[in-house]
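The values are calculated or read from the model by the stated rules, or taken from the named source; none is laboratory data. Everything numeric in this text was worked out from a predicted model, so none of it was measured. Methodologically, a virtual Cβ is constructed for each residue, glycine included, from the backbone with ideal geometry; neighbour enumeration extends over all protein chains shown. Remember, those area values only see protein heavy atoms, side chains included, never the ligands or the DNA or RNA. Shrake-Rupley method; radii C 1.70, N 1.55, O 1.52, S 1.80 Å.
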Amino acid sequence: MKKYIYLSLLTFSSLIADTELDEIKQQLKAQQTATQQLETKLYNLEQKSTNTSASFSQNAYLPDMALILNMSALSRDVKNSEYENFAIPGFIDAGNGHLPFNKNRGFNLNYAEFAIHAVVDPYFEAFANFHLHPDEFEIGEAYVQTTSLPYSLRVRAGKFKSHFGRINSQHQHSWNFDSQPIIYKSLFGPDAISDPGIQLQWVAPTDTYIMAGVEALQGTNGRSFGDTESNNLYVGYVKSSIDIGEDLSVLGGVSLAHGENTTNNPTDVYGVDLTLREQLGSYSSLVWQSEYLYRNKELISTTDKQAGLYSELVYQYNNNYSGGVRYDLITKNDTDLSAYSGIDSDNLDRYTAMVEYKPFPMSRLRLSYTYDRTKIIAGERTDINEVMLSLNIAAGAHGAHNY
Amino acid sequence: MRKIILLTCLLSSMVFASLNVDTTYSTMGTVTKKIGGDLVNVTVLGSPKYDPHFIVPKPSLLAKLHRADLLIMNGGGLELGWLPPLIRSANNAKIQNGAKGFLDMSHFVHMIDVPSSVSRGFGDVHAQGNPHYSTDPYVIPVMAKAIEAKLAELDPENSLVYKENLDKFLTEWSSYLKTFDAKMAMCKDKNVVQYHELFNYFLKRYEYKSFGNIEPLPGISPSSKHTIELINTMKKNSVKIILQDVYHEKKTAKFIADKTGAKVSVIPHDEKAVKDADTLKNFYNTIADRICQ
Ligand SMILES: [Zn+2]
């Protein structure tokens, strides 16, 4: 284009007077300046459109936040006033149980949980979740954890749920069933092993996943530990996982919790867990998860030896539907049962079935039926039937999916 | 002297023969192999037969992440549902966000479909724009250059090898793109619908027009109301091609095909997502063969 202009100018120049030529030259120059000005303007505008942030805005550094709501509608063939004084012989005496979730017939608002995660700096990230129950505020967990330690190590400090076993570290709303496995409830109560302390985890540099961890905890859990004159609880575990083919994976672990109970004597809890997961498609799977826990609790003159297990099978049909069954059983109950003389306290077990519907990825409706044969109600062994519809909502930042 | 230097270079290159590179998806893994050659061990974390948004976070992936010198991820939120807890538990300082061995490929790609406002009321939208850029064959050179730069940064002794591999690959790819574009130029019918907005980059590149999605909102299962609306739109605009991915249910697409006379084409979203897409070129060839009518 430029060439053409010059060429035509050249042709003109031979035909017309010098003054006219100067005039045209000037006009051309003016046009060039105008173009340059436009270009500068455009450049400035472009610069503007890429950086319009407010000078002191810190929105980009806001932590990830989520609000989790958990509630239920429930029907049970035992009166609320009698149910809340339940006993599980050998484990929980009447009036000693704590029922933070799904206690009442009718409606229950279990909790509103506020979960926060933030990267602190290149070396730490922080997590916290606050449980707001209808009449109680609880720091569920609050801890910092390293991200860049050498030697395959990770350290966590604060209040956290122990990685003992399989289900202990998971939050209630991420369990496959709304109720806690009986053996966990019996040995640890609803919060399971959750304490202030520190944790050290190490991943082995092997092709097979092997992780070992140790934790030093305060040991506030009064059911198994509870001597809190100083930190009394030490937890250790090894977990490993293998894939069998592309779609079947196996995760297993052994755990030990060694602490001091309220009689100043040692308690040891051993755990074995095994999970098999067969992936049937992107949104379809079959998961079989089981745990066995054994407790050796020394008292002043005797030693309690108690154990139990749960085993659950969950079939995820598609994005929206899943269903599952679980069996709970107390396998060993060598303890002083004289308070229950005349009451049948053998064969403590529980059956649970559930179907789940997720209309959207962030909300979940779950209908479950429980046939509970573990409880003494008002001094009598009572089989309890319970039907519950629970609703769980997770709004805000995505929690990544569990394995 | 020169001989000694050469010898040292040779020896050191033999000693540090391999970088362990993990990529979240298959296409990026293969590009990494093209650039890294024998100097890299590539592990693909996410199986191409499954939904890339929801890779199952198997613990075995932790062992793979733990041994990685470099993690190359797609970014743009595609791994949000599975990767962060794995990185957290792999105890590998090298591949933490911000570390030298962490590469987010979306930072090199011009993202399209960036929403001006985001709400979960619109479904599980990609807040940072559409992350499914791998379906555009023109993104491959962008990936290759970014990977070459990163490998050279991590392994400077072998930077010349990476550069050589890159140049060779870019030449090969640009001639492939010429034949590929020529093939795409033969396609007449440019009206499509798709299940999820997986193929927008490809559609934009080859001037296709997408008239809607089978899912009513991102990540939400089809509803009969939305399906009927989609059928009407397709009839009105004579849309005859339904782009189905490998991992979603195929019933809805078949139903729509029956009502509209359209054809269901199963399009791979990643290399190796279908049998025919076994190589990088065959990945795009398969897309072309199945989309072009
Ligand atoms: Zn997507």
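Which translational diffusion coefficient, to the nearest whole µm²/s, is obtained for segment B:107-191 from the Stokes-Einstein equation, given a Kirkwood hydrodynamic radius over C-alpha pairs, 4 °C and 1.567 mPa s? Kindly include the intermediate steps, with their values, before the conclusion.
Values: Rh = 15.8 Å.
After rounding, the answer is 82 µm²/s.
Is segment A:85-165 rounded, prolate or oblate when judged by the Cα gyration tensor, a ≥ b ≥ c being the square roots of its eigenvalues, rounded requiring a/c under 1.5 and prolate requiring a/b larger than b/c? Let's see the in-between values first.
Details: a/c = 4.23, a/b = 1.92, b/c = 2.20.
Oblate is the answer for segment A:85-165, as a/c is 1.5 or above yet b/c matches or exceeds a/b.
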ask   = Probe 1.4 Å, all protein chains in place: accessible area of A:D336 in Å², nearest 10?
value = 110
ask   = Can you give me the Cα centroid spacing of segment B:108-151 and segment B:69-94 in angstrom?
value = 16
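Tell me, Kirkwood radius of segment B:253-293 from alpha-carbon pair distances, in Å? Please report the intermediate quantities before stating the final value.
Working: mean 1/r = 0.0921 Å⁻¹.
Evaluated on segment B:253-293, it is 10.9 Å.
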task = Indicate the residues belonging to segment A:253-288 that lose 10 Å² or more of solvent-accessible heavy-atom surface (probe 1.4 Å) upon moving from the chain alone to the assembly of all protein chains, ignoring ligands and nucleic acids.
result = A:R277, A:Q279, A:G281, A:S282, A:Y283
ask   = How big is Rg to Rh over chain B, alpha-carbon atoms, Rh as the Kirkwood inverse-mean-distance radius?
value = 1.02
request  = Arrange the residues B:R67, A:R295, A:R166, A:R223 by how much accessible surface each exposes, largest first, with a 1.4 angstrom probe.
outcome  = B:R67, A:R223, A:R166, A:R295
remark   = Taking Cα pairs closer than 8 Å and at least 6 residues apart, the relative contact order of segment A:273-396 in percent is 16
inquiry  = Explain nothing, just the number: relative contact order of segment B:188-292, from Cα pairs under 8 Å at least 6 residues apart, as a whole percent.
reply    = 23
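Expressed in whole Å with the largest first, what are the equivalent ellipsoid semi-axes of segment B:53-93 derived from the C-alpha gyration tensor as the square root of 5 times each eigenvalue?
Working: eigenvalues 53, 29, 13 Å².
Ellipsoid half-lengths, sorted descending, are 16, 12, 8 Å.
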request  = Excluding residues fewer than 8 places away in the same chain, name every one of the lysines whose C-alpha is closer than 21 Å to that of A:K103.
outcome  = A:K79, A:K185, A:K375
note = Those residues in segment A:186-216 that give up at least 50 Å² of accessible surface, probe 1.4 Å, once the partner protein chains are present instead of the chain by itself are A:V203, A:Y209
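Quick one: with all protein chains in place, what share of the accessible area of the protein assembly as shown is carbon or sulfur, to the nearest percent (1.4 Å probe)? Show your work: numbers first, answer last.
Values: 19830 of 33890 Å².
Using a 1.4 Å probe with all protein chains present, the protein assembly as shown comes out at 59 percent carbon and sulfur.
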ask   = From a point 7 Å beyond the Cα of B:K204 in the direction of its Cβ, which residues of segment B:253-273 have a backbone N at a distance under 20 Å?
value = B:268-271
key: Projected-area mean, chain A, by convex hull of Cα positions, square nanometres   = 31.4
inquiry  = I need the fraction of alpha carbon pairs in the protein assembly as shown separated by more than 33 Å, rounded to a whole percent.
reply    = 59
task = Could you calculate, for segment B:188-292, the ratio of the Cα radius of gyration to the Kirkwood radius, expressed as Rg to Rh?
result = 0.95
Principal-axis tilt of helix B:224-236 within chain B, Cα atoms, nearest 10 degrees = 80
ask   = A:K332: which aspartates and glutamates have alpha carbons under 16 Å from its alpha carbon, excluding same-chain residues fewer than 8 sequence positions away?
value = A:D268, A:E291, A:E298, A:D304, A:D344, A:D346, A:D349
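Ratio to report: Rg/Rh of segment A:119-247, with Cα atoms as the point set and Rh obtained by the Kirkwood method; give two decimals. Mind dumping the intermediate values first?
Details: Rg = 16.1 Å, Rh = 16.3 Å.
In segment A:119-247, Rg relative to Rh is 0.99.
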note = So the FRET efficiency between A:Q36 and B:H110, C-beta based with R0 = 35 Å and rounded to 0.05, is 0.80
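Run through every distinct alpha carbon pair of segment B:144-202 and return the Kirkwood hydrodynamic radius in angstroms, one decimal place. Before the final figure, lay out each step's value.
Values: mean 1/r = 0.0696 Å⁻¹.
So the Kirkwood estimate lands at 14.4 Å.
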inquiry  = For the pairs B:K188/B:K251; B:K188/B:K236; A:K159/B:K150; B:K190/B:K272; A:K239/B:K251; B:K34/B:K209, flag any whose C-alpha to C-alpha distance is greater than 29 Å.
reply    = A:K159/B:K150; A:K239/B:K251; B:K34/B:K209
key: List B:T227, A:T33, B:T171, ordered by accessible area with a 1.4 Å probe, largest first   = B:T171, A:T33, B:T227
query = For the Cα atoms of chain A, what angle does the longest principal axis make with the long axis of helix A:2-15, in degrees from 0 to 90, nearest 10?
reply = 10
key: Overall Cα dimensions of segment B:15-177, principal axis frame, Å, largest first   = 52, 39, 28
request  = Post the alpha-carbon centroid distance, segment A:257-329 to segment B:168-202, in whole angstrom.
outcome  = 52
query = Of A:N102, A:N129, A:N80, which is the most mobile in a GNM of chain A whose springs link Cα atoms less than 10 angstrom apart?
reply = A:N80
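With each run of n ≥ 4 DSSP H residues scored as -39500 (n - 2.57), what mean residue ellipticity at 222 nm is computed for chain A after dividing by its residue count and rounding to the nearest 500 deg cm²/dmol? Present the calculation step by step, with values, prior to reporting the outcome.
Numbers: 4 runs with 58 residues, N = 403.
Taking each H run of at least 4 residues, the total per residue is -4500 deg cm²/dmol.
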key: Accessible area in square angstrom per residue, segment B:15-177, 1.4 angstrom probe   = 37
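Before rounding to the nearest 500, sum -39500 (n - 2.57) across all DSSP H runs of length at least 4 in chain B and divide by the residue total; then give [θ] at 222 nm in deg cm²/dmol.
Working: 10 runs with 123 residues, N = 293.
For chain B, the value works out to -13000 deg cm²/dmol.
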query = Got a number for the accessible area of A:R105? Probe 1.4 Å, square angstrom, nearest 10.
reply = 100
